[in-house]
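The values are calculated or read from the model by the stated rules, or taken from the named source; none is laboratory data. Quantities reported herein were computed from a predicted structural model and do not represent experimental measurements. Please note: Cβ atoms are built from the backbone with ideal geometry, for glycine as well, and neighbour counts cover all protein chains shown.
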Amino acid sequence: MLKGKRILLIVAGGIAAFKALELIRRLRERGASVRCVLTDAGAKFVTPLSLQALSEDRVYSDMFSLTDESEMGHIQLSRDADLLVVAPATANILARMAGGLADDLAATVLLATDKPVLAAPAMNVRMWTHAATVANVETLRQRGIHFIGPNDGAMACNEFGPGRMSEPEEIADAIEGLLAPAERPLAGKRAVVTSGPTREAIDPVRYISNHSSGKQGHAIASALAALGADVTLVSGPVSIADPPGLTTVHVDSADQMLAACLAAGRIDIAVCAAAVADWKAARPAGSKIKKKAGMAPPSLELTPNPDILATLSKPGQQRPALVVGFAAETENLVANAIDKRQRKGCDWIVANDVSPAVGTFGGERNTVHLISASGVEDWPTLAKGEVAMRLAGRIALHFGRPPKAEAAE
Ligand code: CTP
């Protein structure tokens, strides 16, 4: 995907600098060439020799090196790449970038470049949330600097929160998203897709469920992954295989499905294609319910399941940028789906007719309508894989990154 692309990797001084080594390997595996600039602080964490060995190129760090300047002037260095990547981007280098400083080779190169720049911040959580850093990042974003991360998690300083540098694989995906946008327009985006039925236990051998096959949800997960998204598929019990190229989490009940979605952490895209059982047994029996001679059939008390789609759609910092639900209806399809979009608070609803005569459940084809704030689109009857590709393409467009076919139009 990155064949022939040239990346200038600027390694600043943070504990996450060790991940830069792995990043070089990941980028070279994808076909890119990598040239490194190492700051003085960065050299306290990784050696020029390691960067040189992995990049198979020389490492630049001295602003006033006559040899460097005669071989490759710093202006040329800044322009001789397709993309500049700052990883780790420390609070210090972000501040110097925002302030327009040119006090070492890294800062000078960043000031002199006419190429896109991607920064992967890494710092202590308090430094990341400090008003100065927040303002610097905002300034840089407004100037068109791209950011990936930071992630939440435990940090070397024993604190917890946002500040961990994104993993090399995530950074490489984001780089692909910038340099090969048409092939992998969703690179760097994280998605969760729910699929299949849920199974609600009545006792250890009996359950409430439905006929969902998981074909549509699984196809959507695959389509998003094919466009470069990092996908977690949360699947109820289905008989189809786990799709390749993504992470599948297997669950039974709606409660487990919700927990798995929330455990996926911060996501950009949620697609709820699962046919979640609306109700579960209020008190599932711990052992098999036995029939006794002369006893009336037991009655089953039901209680509502959590609504996964509505939960993920709740406004707040953690809300994915795009939440897509499905409406499975047997009558008044579009009107019910429009109502459902508002009730659940999601952005889009894919409405499909699940009347037995239509054969959507378990079938290979689907006739859907895409309902958003801007109206209703009627799609032709398509194979479920085609519905999935079309939906994934729409999602990419929503993020301003048209996939290849549409980019070419
Ligand atoms: N959904 C969910 N959690 C639930 C129920 C539904 O996430 N507990 C999601 C489904 O994955 C789907 C959407 O909500 O994306 C609509 O589901 P549907 O079964 O069509 O709607 P209901 O909420 O059950 O409404 P109704 O009873 O009116 O059909």
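Across the range 22-53, the qualifying residues are those that are surrounded by fewer than 19 Cβ atoms within 10 Å (Cβ to Cβ) and either hydrophobic (A, V, I, L, M, F, W, C) or not assigned by TED's automatic domain parsing to the domain that holds Asp152 (or both), and the one among them that is nearest to Met97 (Cα to Cα) is Ala41. The single condition among (1) within 14 Å of the ligand (Cβ to nearest atom); (2) surrounded by 22 or more Cβ atoms within 10 Å (Cβ to Cβ) that Ser209 does not meet is (2). Looking across Ser313, Ser253, one residue alone is over 20 Å from Ile395 (Cα atoms), of a type outside the set (D, E, K, R), surrounded by 13 or more Cβ atoms within 10 Å (Cβ to Cβ) and within 12 Å of the ligand (Cβ to nearest atom). It is Ser253.
I'd like the full set of residues that are over 16 Å from Ser209 (Cβ atoms) and within 16 Å of the ligand (Cβ to nearest atom), limited to the range 274-292.
Ala282
Only residues that are in a loop (DSSP other than H, G, I, E, B) and surrounded by 22 or more Cβ atoms within 10 Å (Cβ to Cβ) were counted in the range 10-21, giving 3.
Where residues in the range 54-97 are closer than 19 Å to Leu21 by Cβ and among the polar types (S, T, N, Q), which of them is surrounded by the fewest Cβ atoms within 10 Å (Cβ to Cβ)? For the range 54-97, the residue satisfying everything is Ser61. Identify, please: which residue in the range 293-310 is away from the ligand (no atom under 16 Å from the Cβ) and either without any contact (Cβ under 8 Å) to a residue 40 or more places away in the chain or loosely packed, with under 10 Cβ neighbours inside 10 Å (or both) and is, among those, nearest to Cys346 (Cα to Cα)? Filtering the range 293-310 for residues that are away from the ligand (no atom under 16 Å from the Cβ) and either without any contact (Cβ under 8 Å) to a residue 40 or more places away in the chain or loosely packed, with under 10 Cβ neighbours inside 10 Å (or both), the one nearest to Cys346 (Cα to Cα) comes out as Glu301.
The single residue among Phe45, Phe64 that is under 22 Å from Trp128 (Cα atoms) and either free of Cβ contacts under 8 Å to residues at least 12 places away in the same chain or aromatic (Phe, Trp, Tyr) (or both) turns out to be Phe45.
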